Amino acid sequence: MGLSSAAAGDGAQLCVFDLRRGQLEGQELDKILFFHPADCPILLQLSVIGLCEGIVTFTRIFSPEEDCEVIESENHSHVFYQAEPDIWMVLVVEKTKGDESAWRCGALQGILKEAHSLFALFHGPIRTLLDRQPSAELARGHLRTFLTDYLSDFYVGKKLQFPTYRDSLKERGTIQMLTVSREAALEVQSLTTVLGSCLGNVTCQSLILFEDLLVSTTLPPDDTLNLYTYAVLRLTPRALFSNASSWSYLRKGTSINAGPTSSSSNGTTAGERYHSRSRDTSPDGQNQMHHNFRPLLREKLSKGKDGFVAADFAATEVRGAVPLTSILWFQQAEERMYLCIYQHKSLTILLLIPASSLINGEEGITHVKKQMLENASQKIVAVEQKLSRGWGGENAYHVSGYRYLLVDPDRRVSRASPPGKVTTLAKDSLLALNRLRQEVDLEKARYKRSDPCLDKDFEVCIRTKNNAWVVAKICRGRELYMALEKGGETLLYASTAVEKFSNRYCEGAFSMD
C-alpha cells in the first residue's frame, strides 16, 4: 500500500484531488489537482490517488458522518483531510525501520489543515477556483506554486522532514499569546484604536505581534489564527532575517484574549461568500487571481526604510501588473482586505484595509500608510518600549524542572517550554510522550464520536524505561502534557508535580479540587 521509497524519492507524497472530477473512464487524471513530488510518474500518481479514493469510499460505508483520518500499512501511513466537500488532501509518509512512533498522525494532519487554511487566505476556497475555471488550470497553478513553497519549510537537505517525536511538546494550529502588564495592555488598546481609524469612517482591522507572540487582534478567532500563522512563518523579524530562534512561552500574568473560537463554515458556503464579497474588479485583484502569486516566497519579502515590509510576491512577465500589496480573504469576517505590514524593532503590525473601501488601489493604500505613520508612530514606539522592558528573553517562560505543553483547544491557544529546553530531554522520554499523545488523540476521537458536546476529563501518568514520568491531563477541555526527568519514583511525585504546576501557572485549571 502506498509508494515504495524508491518511487517516492524523498519518502513522502502529498496529493490534492477532487472526487467530483474524473469519474468517466479515461478521465481519471482530471481529478488530480496537486501531487508531490511533481516528477513522480503519472501511473504512480493515479495509483496512489485511486487507492486513497477507494479508502474514502469504503470507510464512508461504515462511517458516513466521520471522515477517514489515517490508514496504517506495513511501510506507510496515509493521513487524510477533507479540506472542502469532496476535495481531499492526503499525506503519505514512509515508516522508518527503527521506531513506529517517530511521528504522530494528529501532527501530520495539522500540516494539511494549516496548508489549506493559508491557501484559502490568499486564493479563496479551492472549489471557487474550480467553478471559476472548470478546466482547473487556475486551481492547479495556484496549488502547485503555493504548496511547493509551503513544503520548502520542511526540507532538510533534499528530503522532507515532517514533525517527529522530537516535536511532541508543540501544537500546530494554535496561537501563542504574550502576557503583559495592565499598563502595557492599556497602551496596546490605545494603539489599536488609532490603527482602526487610519481610513477615516471605515474601520481597519489589525494584528499586533511582539517577537513571535500575539499581543492584540481585532479579527475573529479563525481569521486571527490564519493570519498569525502566516506572520510567524514569514513576517516577524525572526522569519524575515532567519537569524533568531523561535520559542514558545508561559508566564503568570495578564493575557490579552483573542476571544472564543467559532467553527469555520464549510467550503461550499465559504465559496459562495467569497463570490458575493469579491467586488474587486480592479486590475490589482484580477492580477492576484490570475498571475503567479506566491506569498510564501521568502526572498520576495524585505523591510523598507519607512518600516513597511514590501511584499512583491508575484512572478510575472508583465512588469508592474501585480500589486505590491496583497489582498487576503478572511472567511469568518466574510471580507477581502489589503494587508500592510509594518515593523518597529521587535514589534510587527499587520494593518488590514477593507478592499471594498479603496477605489484607487495602491494610491489609497499609500495614503493609509501615511496616516498610520503620522498618527500612530509615537504610540508604536511607546508600546514596543513597554513590551521590551517586560520581556525576559528566549527562556523567560521556562519553568525549572518541567518540560510542558499547555493547550486550550477552544481558544486555539498553546504555551510550551522553550525549544532549547525541550532538547535536553532524553530520547526515551520524548518517544514515550509522543506515544502517550497518540493514545490521547485516539481517546478524544472516541469521546467525540460518542458525545460531541461532552468534555471528558482524565489523567495518565506513565513511568518510562529511563525512569522519567510523562503525563497527560485533560480537564474541562484544556490539555496539559508534561515530561518530568530526575524526579521521584512514585506516582504521588508525578501527581504532586502536576498539581504544583497547575496552581502556580494555570490558576488551578488542572488541580484536583
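How large a share of the accessible area of segment 1-155, in percent, is made up of carbon and sulfur atoms when the probe is 1.4 Å and the other protein chains stay in place? Of the solvent-accessible surface of segment 1-155, carbon and sulfur hold 53 percent. Under 5 Å from the amide H of Thr218 lie the amide H atoms of Ser206, each residue being 5 or more positions distant or on a separate chain, with H modelled from the backbone and absent for Pro and chain starts. For segment 333-343, the Karplus equation 6.51 cos²θ - 1.76 cosθ + 1.60, evaluated at θ = phi - 60°, returns couplings of 6, 6, 8, 9, 9, 6, 10, 10, 10, 10, 10 Hz by residue, with Gly and Pro reported as x. Checking the cross-link pairs Lys159/Lys300; Lys444/Lys500; Lys31/Lys444 against a 28 Å limit on the alpha carbon distance flags Lys31/Lys444 as lying beyond it.
Rolling a 1.4 Å probe over the heavy atoms of the protein chains gives segment 317-441 an accessible area of 42 Å² per residue. The mean sequence distance of close C-alpha pairs (under 8 Å, at least 6 residues apart), as a share of the length of segment 446-496, puts its relative contact order at 27 percent. The fraction of accessible area contributed by carbon and sulfur in segment 326-436 is 45 percent, rounded to a whole number (1.4 Å probe; ligands and nucleic acids excluded). First check a/c for segment 404-513, with a ≥ b ≥ c the square roots of the eigenvalues of its C-alpha gyration tensor; if it is under 1.5, answer rounded, and if not, answer prolate when a/b is larger than b/c or oblate otherwise. In terms of gyration-tensor shape, prolate. Taking a ≥ b ≥ c as the square roots of the Cα gyration tensor eigenvalues, segment 1-147 comes out rounded, since a/c falls below 1.5. Charged neighbours of Asn226, selected by a Cβ distance under 11 Å, balance to -1 (K, R count +1; D, E count -1). Here's the picture: charge each Lys and Arg Cβ at +1 and each Asp and Glu Cβ at -1 in segment 435-513, and of Thr496, Gly477, Val440 the one pushed furthest to the positive end of that dipole is Val440.
Could you tell me the calculated FRET efficiency between Ser388 and Arg294, based on Cβ-Cβ distance and R0 = 25 angstrom, to the nearest 0.05?
Values: r = 33 Å, r/R0 = 1.33.
In this case the efficiency is close to 0.15.
Here each label is just a point 7 Å from Cα along the line to Cβ, and for Glu374 and Asp39 those points are 5.6 nm apart. Straight Cα distances below 24 angstrom link Lys465 to the lysines Lys95, Lys97, Lys170, Lys421, Lys427, Lys473, Lys486, with same-chain residues fewer than 8 positions distant left out. In straight Cα distance, which lysines are under 26 Å from Lys386, not counting same-chain residues fewer than 8 positions off? Here the lysines satisfying the reach criterion relative to Lys386 are Lys252, Lys303, Lys305, Lys345, Lys369, Lys370.
Protein heavy-atom accessible surface, 1.4 Å probe, per residue over segment 103-187: 39 Å².
The values are calculated or read from the model by the stated rules, or taken from the named source; none is laboratory data. Source: prediction; values computed, not measured. When we count neighbours, we look across all protein chains shown, and the Cβ atoms used for this are built from the backbone with ideal geometry, even at glycine. The protein model used for the area step is the full one, side chains on, heavy atoms only, and it has no ligands, DNA or RNA in it. Shrake-Rupley method; radii C 1.70, N 1.55, O 1.52, S 1.80 Å.
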